[in-house]
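K.L.:
Shown below is the structure under consideration.
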Amino acid sequence: MEKGRWPLALVIVLLSLIITAYVAMAHLVFVYQAGITVEPVSSPITVIPGQCPCGCSSWSQTLSGFSTTITAYTLETTSGYVLTTPLVKFNSSVSGTLTMSLSSSSSVVSDYVNGTQIYPSPGSFSLSAGSYLMIQRLALSSPVTSTLTLSGQYSYTYTPGVSFLYSFSETINPPSANVMNLLNGQNAIYVKHVYQGDYQGSSNSSWPVYYGPSTASQYWSPLSSSINQPVLMMVPSNYSWSSGAMFWQNSYGGGSLTITMVGVYSYNGIPSTSSVYPYVGDGYIVYLFLKPSLWNISPQYNYSVPYVASPNTTQVIAPVQGDVMFPQSTSTYIVVEWNPLWQYAYNTTGATGQWDVWLAQVTVNWFGLFGLLTAYVSPYPSPNIGYPYTGWDGIGTGAFQPRPGDYICITVTYNPSTNTLSGVAYDMNTGWSASFTLNLSGYFTPPGSGNYVFGVAGTNGAGQANWAIAYVNYQG
(Lines give C-alpha, C1' and ligand atoms only; values in the text may rest on other atoms or scores of the structure.)
Protein backbone atom coordinates (compact mmCIF):
# COMPACT_ATOMS: atom_id res chain seq x y z
CA MET A 1 0.00 0.00 0.00
CA GLU A 2 1.37 3.34 -0.96
CA LYS A 3 2.29 5.77 1.78
CA GLY A 4 -0.47 8.32 2.49
CA ARG A 5 -3.31 6.28 0.87
CA TRP A 6 -6.14 4.45 2.68
CA PRO A 7 -7.88 1.28 1.35
CA LEU A 8 -11.32 2.12 0.04
CA ALA A 9 -13.00 -0.56 2.22
CA LEU A 10 -11.43 0.84 5.38
CA VAL A 11 -12.61 4.31 4.51
CA ILE A 12 -16.17 3.09 3.99
CA VAL A 13 -16.14 1.25 7.31
CA LEU A 14 -14.92 4.33 9.20
CA LEU A 15 -17.58 6.58 7.59
CA SER A 16 -20.24 4.07 8.50
CA LEU A 17 -19.16 4.08 12.15
CA ILE A 18 -19.16 7.87 12.31
CA ILE A 19 -22.66 8.15 10.81
CA THR A 20 -24.01 5.48 13.13
CA ALA A 21 -22.55 7.23 16.16
CA TYR A 22 -24.02 10.60 15.09
CA VAL A 23 -27.49 9.12 14.61
CA ALA A 24 -27.29 7.44 17.98
CA MET A 25 -26.38 10.72 19.64
CA ALA A 26 -29.24 12.49 17.90
CA HIS A 27 -31.72 10.24 19.69
CA LEU A 28 -30.43 11.05 23.20
CA VAL A 29 -32.73 13.64 24.95
CA PHE A 30 -31.77 15.28 28.24
CA VAL A 31 -34.75 16.58 30.24
CA TYR A 32 -34.41 19.07 33.14
CA GLN A 33 -36.99 20.69 35.46
CA ALA A 34 -36.60 24.12 37.10
CA GLY A 35 -38.73 26.72 38.94
CA ILE A 36 -38.57 30.54 38.62
CA THR A 37 -39.77 32.78 41.43
CA VAL A 38 -40.61 36.42 40.57
CA GLU A 39 -40.80 38.89 43.46
CA PRO A 40 -41.47 42.65 43.20
CA VAL A 41 -38.47 44.84 44.07
CA SER A 42 -39.01 48.43 45.22
CA SER A 43 -37.09 51.17 43.44
CA PRO A 44 -33.98 52.25 45.38
CA ILE A 45 -34.46 55.85 44.22
CA THR A 46 -37.76 57.74 44.16
CA VAL A 47 -38.92 61.23 43.25
CA ILE A 48 -40.09 63.68 45.92
CA PRO A 49 -42.64 65.88 44.08
CA GLY A 50 -42.06 69.61 44.50
CA GLN A 51 -41.58 73.02 42.98
CA CYS A 52 -39.66 76.21 43.51
CA PRO A 53 -41.87 78.96 44.97
CA CYS A 54 -41.60 81.44 42.09
CA GLY A 55 -42.55 78.99 39.35
CA CYS A 56 -39.02 78.43 38.07
CA SER A 57 -39.66 74.65 38.00
CA SER A 58 -41.97 71.91 39.23
CA TRP A 59 -41.48 68.16 39.07
CA SER A 60 -43.42 64.95 39.70
CA GLN A 61 -42.92 61.22 39.48
CA THR A 62 -44.08 59.26 36.43
CA LEU A 63 -44.38 55.53 35.76
CA SER A 64 -40.95 55.51 34.12
CA GLY A 65 -39.16 58.22 36.14
CA PHE A 66 -40.05 61.90 36.41
CA SER A 67 -41.16 64.93 34.42
CA THR A 68 -40.27 68.57 35.07
CA THR A 69 -41.78 71.82 33.84
CA ILE A 70 -39.33 74.74 33.79
CA THR A 71 -39.58 78.48 33.17
CA ALA A 72 -36.65 79.75 31.11
CA TYR A 73 -35.17 82.32 33.49
CA THR A 74 -31.94 82.31 31.49
CA LEU A 75 -28.67 84.16 31.90
CA GLU A 76 -27.37 85.58 28.63
CA THR A 77 -23.68 84.94 27.95
CA THR A 78 -21.32 85.43 25.03
CA SER A 79 -21.74 81.76 24.09
CA GLY A 80 -25.49 81.30 24.60
CA TYR A 81 -28.14 81.22 27.31
CA VAL A 82 -27.61 79.44 30.63
CA LEU A 83 -30.61 78.09 32.53
CA THR A 84 -29.88 77.20 36.16
CA THR A 85 -32.81 75.79 38.10
CA PRO A 86 -33.91 72.83 40.25
CA LEU A 87 -34.55 69.79 38.06
CA VAL A 88 -35.84 67.18 40.52
CA LYS A 89 -35.52 66.03 44.12
CA PHE A 90 -34.55 62.41 44.69
CA ASN A 91 -34.80 60.20 47.75
CA SER A 92 -32.31 57.34 47.84
CA SER A 93 -33.07 54.46 50.20
CA VAL A 94 -29.62 52.92 49.84
CA SER A 95 -26.15 54.08 48.77
CA GLY A 96 -25.43 53.67 45.09
CA THR A 97 -24.36 55.27 41.82
CA LEU A 98 -26.69 57.52 39.84
CA THR A 99 -25.91 57.88 36.14
CA MET A 100 -27.74 60.50 34.06
CA SER A 101 -27.70 61.48 30.40
CA LEU A 102 -29.63 63.85 28.16
CA SER A 103 -30.79 62.79 24.72
CA SER A 104 -29.31 64.62 21.76
CA SER A 105 -30.82 68.04 21.00
CA SER A 106 -29.72 70.74 18.59
CA SER A 107 -30.79 73.36 21.16
CA VAL A 108 -28.46 72.12 23.90
CA VAL A 109 -24.77 72.98 24.14
CA SER A 110 -24.07 71.32 27.49
CA ASP A 111 -25.85 70.15 30.61
CA TYR A 112 -24.61 69.81 34.17
CA VAL A 113 -26.46 68.46 37.20
CA ASN A 114 -25.03 69.29 40.63
CA GLY A 115 -21.75 70.16 38.93
CA THR A 116 -21.44 66.88 36.98
CA GLN A 117 -21.71 66.99 33.20
CA ILE A 118 -24.47 64.78 31.76
CA TYR A 119 -24.43 66.12 28.18
CA PRO A 120 -23.02 65.54 25.63
CA SER A 121 -21.67 62.52 27.59
CA PRO A 122 -23.33 60.76 30.57
CA GLY A 123 -22.27 61.58 34.11
CA SER A 124 -22.34 59.64 37.39
CA PHE A 125 -22.86 60.58 41.05
CA SER A 126 -22.18 58.59 44.20
CA LEU A 127 -25.13 58.97 46.55
CA SER A 128 -25.66 57.88 50.13
CA ALA A 129 -29.08 57.17 51.56
CA GLY A 130 -30.96 60.47 51.84
CA SER A 131 -32.64 63.28 49.89
CA TYR A 132 -30.97 65.25 47.12
CA LEU A 133 -32.11 68.36 45.24
CA MET A 134 -30.64 68.17 41.74
CA ILE A 135 -29.78 71.60 40.29
CA GLN A 136 -29.48 71.72 36.51
CA ARG A 137 -27.21 74.11 34.62
CA LEU A 138 -28.36 73.86 31.03
CA ALA A 139 -26.53 75.80 28.32
CA LEU A 140 -28.71 76.58 25.29
CA SER A 141 -27.58 77.87 21.93
CA SER A 142 -30.46 80.35 21.66
CA PRO A 143 -33.25 81.81 23.81
CA VAL A 144 -36.40 79.77 24.42
CA THR A 145 -39.03 81.46 22.23
CA SER A 146 -41.52 78.57 22.31
CA THR A 147 -41.96 75.41 24.34
CA LEU A 148 -38.84 73.24 24.25
CA THR A 149 -39.07 69.56 25.22
CA LEU A 150 -36.02 67.55 26.22
CA SER A 151 -35.71 63.94 27.34
CA GLY A 152 -33.12 61.84 29.09
CA GLN A 153 -32.33 58.68 30.94
CA TYR A 154 -30.95 57.77 34.33
CA SER A 155 -30.03 54.59 36.16
CA TYR A 156 -29.27 53.66 39.73
CA THR A 157 -26.90 50.87 40.74
CA TYR A 158 -26.51 49.78 44.35
CA THR A 159 -25.48 46.12 43.81
CA PRO A 160 -22.73 45.25 41.30
CA GLY A 161 -24.33 44.10 38.08
CA VAL A 162 -27.86 45.22 39.03
CA SER A 163 -29.15 48.56 37.71
CA PHE A 164 -32.57 50.18 37.74
CA LEU A 165 -33.33 52.11 34.55
CA TYR A 166 -35.54 55.21 34.29
CA SER A 167 -36.36 58.06 31.91
CA PHE A 168 -37.23 61.73 32.37
CA SER A 169 -38.57 64.67 30.37
CA GLU A 170 -38.23 68.45 30.64
CA THR A 171 -40.76 70.93 29.29
CA ILE A 172 -39.20 74.41 29.14
CA ASN A 173 -41.43 77.44 28.57
CA PRO A 174 -40.42 81.06 27.90
CA PRO A 175 -41.16 83.42 30.81
CA SER A 176 -44.02 85.87 30.47
CA ALA A 177 -44.27 89.19 32.32
CA ASN A 178 -46.41 92.31 32.30
CA VAL A 179 -44.10 94.78 34.08
CA MET A 180 -40.53 94.02 32.99
CA ASN A 181 -38.68 91.17 31.30
CA LEU A 182 -34.98 91.42 30.48
CA LEU A 183 -34.48 87.63 30.48
CA ASN A 184 -34.29 85.04 27.73
CA GLY A 185 -33.36 87.50 25.00
CA GLN A 186 -36.10 89.99 25.92
CA ASN A 187 -35.44 93.64 26.75
CA ALA A 188 -38.82 95.05 27.58
CA ILE A 189 -40.48 97.22 30.21
CA TYR A 190 -44.21 96.98 29.56
CA VAL A 191 -45.56 99.71 31.86
CA LYS A 192 -45.16 103.43 32.30
CA HIS A 193 -42.84 103.89 35.24
CA VAL A 194 -40.70 106.30 37.20
CA TYR A 195 -37.40 105.81 38.99
CA GLN A 196 -36.20 107.26 42.27
CA GLY A 197 -32.78 107.02 43.88
CA ASP A 198 -31.67 107.96 47.37
CA TYR A 199 -28.27 108.48 48.98
CA GLN A 200 -28.27 109.07 52.72
CA GLY A 201 -31.62 110.84 52.65
CA SER A 202 -31.05 112.97 49.55
CA SER A 203 -32.64 112.43 46.16
CA ASN A 204 -30.26 110.95 43.60
CA SER A 205 -30.77 110.54 39.85
CA SER A 206 -27.68 108.40 39.19
CA TRP A 207 -29.58 105.19 39.89
CA PRO A 208 -31.51 103.04 39.04
CA VAL A 209 -29.72 102.64 35.70
CA TYR A 210 -30.43 100.26 32.83
CA TYR A 211 -27.61 98.13 31.43
CA GLY A 212 -28.70 96.89 27.99
CA PRO A 213 -27.10 94.37 25.63
CA SER A 214 -24.32 96.77 24.60
CA THR A 215 -23.38 97.85 28.14
CA ALA A 216 -24.33 94.87 30.35
CA SER A 217 -20.75 93.58 30.38
CA GLN A 218 -19.84 96.63 32.51
CA TYR A 219 -22.23 95.49 35.21
CA TRP A 220 -20.96 91.90 35.13
CA SER A 221 -17.24 92.66 34.83
CA PRO A 222 -16.48 92.10 38.56
CA LEU A 223 -17.78 88.54 38.20
CA SER A 224 -17.17 87.41 34.61
CA SER A 225 -16.20 88.76 31.20
CA SER A 226 -18.47 86.25 29.44
CA ILE A 227 -21.83 87.44 30.85
CA ASN A 228 -23.83 90.12 29.02
CA GLN A 229 -27.26 89.67 30.59
CA PRO A 230 -29.19 93.01 30.60
CA VAL A 231 -30.27 94.24 34.04
CA LEU A 232 -31.81 97.23 35.74
CA MET A 233 -29.26 98.08 38.44
CA MET A 234 -31.24 99.51 41.33
CA VAL A 235 -28.31 100.67 43.44
CA PRO A 236 -24.49 100.60 43.07
CA SER A 237 -22.15 98.69 45.37
CA ASN A 238 -19.92 101.58 46.42
CA TYR A 239 -22.43 103.57 48.50
CA SER A 240 -23.80 102.63 51.89
CA TRP A 241 -27.26 103.83 52.97
CA SER A 242 -28.52 104.11 49.43
CA SER A 243 -31.47 102.70 47.51
CA GLY A 244 -33.14 102.81 44.12
CA ALA A 245 -36.75 102.07 43.19
CA MET A 246 -39.02 101.65 40.19
CA PHE A 247 -42.71 102.55 40.57
CA TRP A 248 -45.63 101.83 38.25
CA GLN A 249 -49.41 101.85 38.37
CA ASN A 250 -51.65 98.80 38.11
CA SER A 251 -55.34 98.11 38.41
CA TYR A 252 -56.19 96.02 41.47
CA GLY A 253 -59.31 93.87 41.34
CA GLY A 254 -59.74 93.33 45.06
CA GLY A 255 -58.53 89.72 45.18
CA SER A 256 -55.24 88.02 45.88
CA LEU A 257 -52.21 89.93 44.57
CA THR A 258 -48.70 88.67 43.82
CA ILE A 259 -45.57 90.50 42.70
CA THR A 260 -42.72 88.32 41.47
CA MET A 261 -39.26 89.57 40.59
CA VAL A 262 -35.89 88.04 39.74
CA GLY A 263 -32.88 89.82 41.19
CA VAL A 264 -29.11 89.38 41.09
CA TYR A 265 -25.88 91.07 42.11
CA SER A 266 -22.41 90.79 40.61
CA TYR A 267 -20.29 92.39 43.34
CA ASN A 268 -20.34 92.66 47.12
CA GLY A 269 -18.71 96.00 47.88
CA ILE A 270 -18.80 95.76 51.66
CA PRO A 271 -15.48 97.04 53.04
CA SER A 272 -13.45 94.68 55.22
CA THR A 273 -13.69 97.20 58.07
CA SER A 274 -17.50 96.96 58.17
CA SER A 275 -19.20 95.30 61.13
CA VAL A 276 -21.16 93.07 58.74
CA TYR A 277 -18.17 91.94 56.62
CA PRO A 278 -18.06 89.57 54.72
CA TYR A 279 -21.83 89.15 54.42
CA VAL A 280 -23.91 90.65 51.64
CA GLY A 281 -26.87 92.97 52.22
CA ASP A 282 -29.31 94.65 52.21
CA GLY A 283 -31.48 93.07 49.54
CA TYR A 284 -34.81 94.02 48.00
CA ILE A 285 -37.97 95.97 48.83
CA VAL A 286 -41.53 95.58 47.51
CA TYR A 287 -44.17 98.34 47.80
CA LEU A 288 -47.92 97.59 47.78
CA PHE A 289 -50.98 99.88 47.51
CA LEU A 290 -49.62 103.43 47.31
CA LYS A 291 -52.12 106.25 46.66
CA PRO A 292 -50.00 109.32 45.89
CA SER A 293 -51.48 112.79 45.63
CA LEU A 294 -48.30 114.86 45.12
CA TRP A 295 -46.90 112.74 42.29
CA ASN A 296 -47.91 110.20 39.68
CA ILE A 297 -46.45 107.92 37.03
CA SER A 298 -45.44 110.51 34.46
CA PRO A 299 -42.11 111.77 33.06
CA GLN A 300 -42.06 114.90 35.22
CA TYR A 301 -41.74 112.76 38.36
CA ASN A 302 -38.96 110.53 37.07
CA TYR A 303 -36.28 110.80 39.78
CA SER A 304 -38.53 113.41 41.42
CA VAL A 305 -40.79 111.32 43.64
CA PRO A 306 -41.41 113.04 47.01
CA TYR A 307 -40.39 110.70 49.83
CA VAL A 308 -38.97 110.39 53.31
CA ALA A 309 -35.99 108.09 53.89
CA SER A 310 -35.10 105.92 56.85
CA PRO A 311 -32.90 105.96 58.84
CA ASN A 312 -31.52 109.29 57.69
CA THR A 313 -34.57 111.54 58.00
CA THR A 314 -36.64 109.32 60.30
CA GLN A 315 -35.71 107.06 63.19
CA VAL A 316 -33.98 103.71 62.77
CA ILE A 317 -36.94 101.40 62.38
CA ALA A 318 -35.20 98.00 62.54
CA PRO A 319 -31.86 96.67 63.79
CA VAL A 320 -31.29 95.16 60.32
CA GLN A 321 -32.59 97.29 57.48
CA GLY A 322 -31.44 98.91 54.30
CA ASP A 323 -32.01 102.47 53.22
CA VAL A 324 -35.81 102.60 52.91
CA MET A 325 -37.64 105.29 50.94
CA PHE A 326 -41.22 106.01 52.02
CA PRO A 327 -42.93 107.81 49.08
CA GLN A 328 -45.80 110.20 49.73
CA SER A 329 -49.20 108.49 49.87
CA THR A 330 -52.56 109.53 51.28
CA SER A 331 -53.39 105.93 52.18
CA THR A 332 -51.55 103.43 54.34
CA TYR A 333 -49.42 101.10 52.26
CA ILE A 334 -47.24 98.02 52.78
CA VAL A 335 -43.44 97.94 52.59
CA VAL A 336 -41.70 94.55 52.56
CA GLU A 337 -37.93 94.08 52.72
CA TRP A 338 -35.94 90.86 52.33
CA ASN A 339 -32.57 91.42 53.96
CA PRO A 340 -29.99 88.58 53.83
CA LEU A 341 -27.97 90.17 56.66
CA TRP A 342 -30.55 88.91 59.15
CA GLN A 343 -29.37 85.76 60.99
CA TYR A 344 -25.82 86.18 59.65
CA ALA A 345 -24.56 89.62 60.63
CA TYR A 346 -27.15 90.04 63.40
CA ASN A 347 -29.92 88.24 65.24
CA THR A 348 -31.94 88.90 68.34
CA THR A 349 -34.68 87.35 70.46
CA GLY A 350 -37.95 87.24 68.54
CA ALA A 351 -36.30 87.53 65.12
CA THR A 352 -36.38 84.17 63.37
CA GLY A 353 -36.07 85.03 59.68
CA GLN A 354 -34.89 87.58 57.11
CA TRP A 355 -37.97 89.71 56.42
CA ASP A 356 -39.00 93.20 57.57
CA VAL A 357 -42.57 94.49 57.10
CA TRP A 358 -43.76 98.03 57.76
CA LEU A 359 -47.02 99.91 57.27
CA ALA A 360 -46.54 103.51 56.16
CA GLN A 361 -48.42 106.67 55.40
CA VAL A 362 -46.59 109.83 54.30
CA THR A 363 -48.50 113.07 54.61
CA VAL A 364 -47.64 116.67 53.77
CA ASN A 365 -48.04 119.69 56.07
CA TRP A 366 -48.14 122.96 54.14
CA PHE A 367 -46.45 126.13 55.29
CA GLY A 368 -47.47 128.61 52.65
CA LEU A 369 -45.98 127.39 49.39
CA PHE A 370 -43.73 124.88 51.14
CA GLY A 371 -44.73 121.41 52.24
CA LEU A 372 -43.11 119.20 54.89
CA LEU A 373 -43.41 115.46 54.46
CA THR A 374 -43.94 113.33 57.55
CA ALA A 375 -43.71 109.55 57.52
CA TYR A 376 -45.88 107.59 59.93
CA VAL A 377 -44.45 104.08 60.11
CA SER A 378 -46.14 101.37 62.16
CA PRO A 379 -46.77 99.30 64.15
CA TYR A 380 -44.79 100.75 67.02
CA PRO A 381 -43.27 99.25 69.03
CA SER A 382 -42.35 96.21 66.97
CA PRO A 383 -44.78 93.34 67.69
CA ASN A 384 -42.01 90.73 67.57
CA ILE A 385 -38.82 92.40 68.89
CA GLY A 386 -40.28 95.34 70.83
CA TYR A 387 -39.02 98.80 71.71
CA PRO A 388 -37.40 100.87 70.19
CA TYR A 389 -38.10 99.32 66.79
CA THR A 390 -41.03 99.59 64.39
CA GLY A 391 -42.82 97.00 62.29
CA TRP A 392 -42.25 93.28 62.09
CA ASP A 393 -38.47 92.87 61.96
CA GLY A 394 -36.55 89.70 61.14
CA ILE A 395 -39.66 87.55 60.78
CA GLY A 396 -40.11 84.25 58.97
CA THR A 397 -38.22 81.00 58.63
CA GLY A 398 -35.12 80.05 56.68
CA ALA A 399 -32.09 82.19 55.90
CA PHE A 400 -29.41 82.27 53.23
CA GLN A 401 -26.64 84.36 51.74
CA PRO A 402 -26.84 84.49 47.93
CA ARG A 403 -23.64 84.29 45.91
CA PRO A 404 -22.67 86.76 43.17
CA GLY A 405 -24.49 85.79 39.96
CA ASP A 406 -27.19 83.72 41.67
CA TYR A 407 -30.71 84.44 40.47
CA ILE A 408 -32.88 85.33 43.47
CA CYS A 409 -36.62 85.08 42.98
CA ILE A 410 -38.67 87.28 45.32
CA THR A 411 -42.40 86.61 45.56
CA VAL A 412 -44.71 88.71 47.75
CA THR A 413 -48.43 87.85 48.00
CA TYR A 414 -51.29 89.66 49.72
CA ASN A 415 -54.58 87.80 50.31
CA PRO A 416 -57.40 90.16 51.35
CA SER A 417 -59.81 87.35 52.26
CA THR A 418 -57.56 86.44 55.21
CA ASN A 419 -55.71 89.78 55.39
CA THR A 420 -52.50 87.78 55.12
CA LEU A 421 -49.17 88.84 53.68
CA SER A 422 -46.56 86.27 52.67
CA GLY A 423 -43.24 86.20 50.88
CA VAL A 424 -40.52 83.87 49.65
CA ALA A 425 -36.95 84.59 48.61
CA TYR A 426 -35.56 81.67 46.63
CA ASP A 427 -32.07 81.12 45.25
CA MET A 428 -32.56 79.29 41.96
CA ASN A 429 -28.89 78.30 41.80
CA THR A 430 -28.87 76.50 45.15
CA GLY A 431 -32.46 75.90 46.28
CA TRP A 432 -31.92 77.94 49.46
CA SER A 433 -34.97 79.91 50.62
CA ALA A 434 -36.35 82.26 53.26
CA SER A 435 -40.09 82.82 53.74
CA PHE A 436 -42.68 84.44 55.99
CA THR A 437 -46.43 84.59 56.55
CA LEU A 438 -47.98 87.47 58.48
CA ASN A 439 -51.58 88.16 59.45
CA LEU A 440 -52.29 91.89 59.29
CA SER A 441 -55.68 91.81 61.02
CA GLY A 442 -55.97 94.68 63.48
CA TYR A 443 -53.16 96.58 61.73
CA PHE A 444 -54.18 96.97 58.09
CA THR A 445 -57.55 97.21 56.35
CA PRO A 446 -57.81 95.35 53.02
CA PRO A 447 -57.90 97.96 50.25
CA GLY A 448 -60.75 98.15 47.78
CA SER A 449 -60.40 97.63 44.05
CA GLY A 450 -58.94 100.47 42.01
CA ASN A 451 -55.71 101.88 40.65
CA TYR A 452 -52.68 101.82 42.92
CA VAL A 453 -48.97 102.46 42.61
CA PHE A 454 -46.65 99.51 43.24
CA GLY A 455 -42.88 99.36 43.37
CA VAL A 456 -39.70 97.31 43.67
CA ALA A 457 -36.33 98.48 44.97
CA GLY A 458 -32.79 97.44 45.77
CA THR A 459 -31.26 98.72 48.99
CA ASN A 460 -27.96 99.10 50.79
CA GLY A 461 -27.48 99.97 54.43
CA ALA A 462 -24.58 98.49 56.33
CA GLY A 463 -24.29 96.12 53.38
CA GLN A 464 -23.23 97.19 49.91
CA ALA A 465 -23.99 95.23 46.72
CA ASN A 466 -24.98 96.29 43.21
CA TRP A 467 -28.49 94.87 43.50
CA ALA A 468 -30.19 94.55 40.11
CA ILE A 469 -33.53 93.30 38.78
CA ALA A 470 -34.13 91.46 35.51
CA TYR A 471 -37.80 90.45 35.73
CA VAL A 472 -41.00 91.77 37.35
CA ASN A 473 -44.52 90.40 37.05
CA TYR A 474 -47.74 91.64 38.64
CA GLN A 475 -50.77 89.42 39.18
CA GLY A 476 -53.80 90.92 40.84
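K.L.:
Looking for something surrounded by 24 or more Cβ atoms within 10 Å (Cβ to Cβ) and within 20 Å of W207 (Cβ to Cβ) - is there at least one such residue anywhere in region 310-318?
P.N.:
yes
K.L.:
For region 395-414, indicate whether the set of residues that are modelled with pLDDT of 95 or more, more than 21 Å from the chain's Cα centre (by Cα) and farther than 14 Å from F289 by Cβ is non-empty.
P.N.:
The initial filter retains those residues of region 395-414 that are modelled with pLDDT of 95 or more, namely 395-414.
Filter again for more than 21 Å from the chain's Cα centre (by Cα), leaving none.
No, that holds for no residue.
K.L.:
Return the only residue of S121, S106 being modelled with pLDDT of 95 or more, among the hydroxyl-bearing types (S, T, Y) and either in contact with a helix residue (DSSP H, G or I) (Cβ under 9 Å, 6 or more places away or on another chain) or within 21 Å of N173 (Cβ to Cβ) (or both). Before the answer, list the steps.
P.N.:
Details: S121 fails: either in contact with a helix residue (DSSP H, G or I) (Cβ under 9 Å, 6 or more places away or on another chain) or within 21 Å of N173 (Cβ to Cβ) (or both).
When all the criteria are applied, what remains is S106.
K.L.:
Oh, and also: What are the pairs with Cβ atoms under 8 angstrom where one residue, in region 94-110, is without any contact (Cβ under 8 Å) to a residue 24 or more places away in the chain and the other, located anywhere, is open to solvent by less than 30 Å² (accessible area, probe 1.4 Å) and small (G, A, S)? Sequence gap at least six, or different chains.
P.N.:
Pairs that qualify, where the first residue is without any contact (Cβ under 8 Å) to a residue 24 or more places away in the chain and the partner is open to solvent by less than 30 Å² (accessible area, probe 1.4 Å) and small (G, A, S): there are none.
K.L.:
Looking at region 180-187, can you tell me whether even one residue there is within 18 Å of L83 (Cα to Cα), open to solvent by 30 Å² or more (accessible area, probe 1.4 Å) and without any contact (Cβ under 8 Å) to a residue 60 or more places away in the chain? I'd like the intermediate steps shown before the answer.
P.N.:
Taking region 180-187 as the starting set, the residues that turn out to be within 18 Å of L83 (Cα to Cα) are 181-187.
Going one step further and asking which of them are open to solvent by 30 Å² or more (accessible area, probe 1.4 Å), we end up with 185-187.
Among the residues that remain, those that are also without any contact (Cβ under 8 Å) to a residue 60 or more places away in the chain are: 186-187.
Checked region 180-187: at least one residue is within 18 Å of L83 (Cα to Cα), open to solvent by 30 Å² or more (accessible area, probe 1.4 Å) and without any contact (Cβ under 8 Å) to a residue 60 or more places away in the chain.
K.L.:
May I ask you to list the residues in region 395-450 that are on the phi > 0 side of the Ramachandran plot, without any contact (Cβ under 8 Å) to a residue 60 or more places away in the chain and open to solvent by less than 50 Å² (accessible area, probe 1.4 Å)? Reasoning before the result, please.
P.N.:
Initial filter on region 395-450 (on the phi > 0 side of the Ramachandran plot): 396, 398, 405, 419, 431, 442, 450.
Checking the rest, the ones that are also without any contact (Cβ under 8 Å) to a residue 60 or more places away in the chain come to 396, 398, 419, 442.
G396, G398, N419 - these are the residues of region 395-450 that are on the phi > 0 side of the Ramachandran plot, without any contact (Cβ under 8 Å) to a residue 60 or more places away in the chain and open to solvent by less than 50 Å² (accessible area, probe 1.4 Å).
K.L.:
Are any residues in region 321-350 open to solvent by 10 Å² or more (accessible area, probe 1.4 Å) and either of a type in the set (A, V, I, L, M, F, W, C) or closer than 23 Å to L372 by Cβ (or both), and if so, which ones?
P.N.:
T330, S331, T332, A345, listed by residue number.
K.L.:
Give me the residue from region 428-448 that is in a loop (DSSP other than H, G, I, E, B) and touching a Leu at 6+ places or on another chain (Cβ under 7 Å) and, out of that set, nearest to K291 (Cα to Cα). Full working, then the answer.
P.N.:
So in region 428-448, the residues in a loop (DSSP other than H, G, I, E, B) come out as 428-432, 440-448.
Right, trim to touching a Leu at 6+ places or on another chain (Cβ under 7 Å) and you get 431, 440, 443-444.
On the way: G431: 36, L440: 19, Y443: 18, F444: 15 Å.
Ranking the qualifying residues of region 428-448, first place goes to F444.
K.L.:
Which one of these is touching a helix residue (DSSP H, G or I) at 6+ places or on another chain (Cβ under 9 Å) and of a type outside the set (S, T, N, Q): G405, G350, G398? Spell out how you get there, then give the answer.
P.N.:
On the way: G350 fails: touching a helix residue (DSSP H, G or I) at 6+ places or on another chain (Cβ under 9 Å); G398 fails: touching a helix residue (DSSP H, G or I) at 6+ places or on another chain (Cβ under 9 Å).
When all the criteria are applied, what remains is G405.
Quick grid of which residues meet (1) open to solvent by 40 Å² or more (accessible area, probe 1.4 Å); (2) farther than 21 Å from T46 by Cα; (3) assigned to a strand (DSSP E or B):
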position	(1), (2), (3)
V82	no, yes, yes
T85	no, no, yes
F90	no, no, yes
L98	no, no, yes
S101	no, no, yes
S121	yes, yes, no
T145	yes, yes, no
G152	no, no, yes
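K.L.:
Hey, could you check region 455-476 for residues that are among the polar types (S, T, N, Q) and either open to solvent by 10 Å² or more (accessible area, probe 1.4 Å) or not in a strand (DSSP E or B) (or both) and say which is nearest to P311 (Cα to Cα)? Step through it out loud before you land on a result.
P.N.:
Keep residues of region 455-476 that are among the polar types (S, T, N, Q), which gives 459-460, 464, 466, 473, 475.
Add one more test, that the residue is either open to solvent by 10 Å² or more (accessible area, probe 1.4 Å) or not in a strand (DSSP E or B) (or both), and what stays is 464, 466, 473, 475.
Details: Q464: 16, N466: 20, N473: 29, Q475: 31 Å.
So the residue we want is Q464.
K.L.:
So how many residues does region 120-157 have that are more than 21 Å from W59 (Cβ to Cβ) and not polar (S, T, N, Q)?
P.N.:
2
K.L.:
Between residues in region 229-257 that are over 30 Å from P404 (Cα atoms) and residues that are open to solvent by less than 10 Å² (accessible area, probe 1.4 Å) and assigned to a loop (DSSP other than H, G, I, E, B), which pairs lie under 9 Å by C-beta distance while being six or more apart or on different chains?
P.N.:
N250/V179
K.L.:
While we're looking at this one, here's another question. For Y132, state whether it is in contact with a Pro (Cβ under 9 Å, 6 or more places away or on another chain), surrounded by fewer than 20 Cβ atoms within 10 Å (Cβ to Cβ) and over 22 Å from N228 (Cβ atoms).
P.N.:
Values: in contact with a Pro (Cβ under 9 Å, 6 or more places away or on another chain): no; surrounded by fewer than 20 Cβ atoms within 10 Å (Cβ to Cβ): yes; over 22 Å from N228 (Cβ atoms): yes.
Against the criterion (in contact with a Pro (Cβ under 9 Å, 6 or more places away or on another chain), surrounded by fewer than 20 Cβ atoms within 10 Å (Cβ to Cβ) and over 22 Å from N228 (Cβ atoms)), Y132 does not qualify.
K.L.:
Which number in (1) more than 28 Å from K192 (Cα to Cα); (2) buried (at least 16 other Cβ atoms within 10 Å of the Cβ); (3) among the hydroxyl-bearing types (S, T, Y) marks the one condition that Y387 misses?
P.N.:
Answer for Y387: the failing condition is (2).
The values are calculated or read from the model by the stated rules, or taken from the named source; none is laboratory data. Owing to the predicted nature of the structure, the values given are computational and were not obtained by experimental measurement. Because the Cβ atoms are built from the backbone with ideal geometry, glycine has one as well, and the counts that use them run over all protein chains shown. What goes into the accessible areas is simple: the full protein's heavy atoms, side chains included, and nothing from ligands, DNA or RNA. Shrake-Rupley method; radii C 1.70, N 1.55, O 1.52, S 1.80 Å.
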